[in-house]
Amino acid sequence: MQKLDPVETQALLNGMDDEYKTRLTWEQVIRDFGAPPFINIVKTEQRHIESLLGLCAKYGVPPPNRWPGGAPRYASMNMNVAC
């Protein structure tokens, strides 16, 4: 198995972290507003995560996810601001 160097490994981990955070943020927006326009964004973020998980498996990098339940709430915003 080909190994990534430390810089490449960190870039992959940073990408995973960003995708998880982004997906959870949009999921929270949907929970707070019931906003169907954002569902496609969540699906896109999930596809990004799946692609990066494939790279993690290929290179033997344990995938991180430090965002479960960590997305902020947006209840104080209105729908126009969210859009």
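Below 26 Å, Cα to Cα, which lysines can Lys43 reach? Residues fewer than 8 away in the same chain don't count.
Counting by Cα, and skipping residues close in sequence, Lys43 has these lysines nearby: Lys21, Lys58.
Residue by residue through the stretch 48-53, which ³J(HN,Hα) values in whole Hz follow from phi under the Karplus form 6.51 cos²θ - 1.76 cosθ + 1.60 (θ = phi - 60°), with glycine and proline marked x?
4, 4, 4, 5, 5, 4
If the cut-off is 18 Å between C-alpha atoms, which aspartates and glutamates fall inside it for Lys3, apart from same-chain ones fewer than 8 positions away?
Counting by Cα, and skipping residues close in sequence, Lys3 has no aspartates and glutamates nearby.
A short reminder: the numbers here are calculations on the coordinates, not readings from a lab. Computed from a predicted structure; not experimentally measured.
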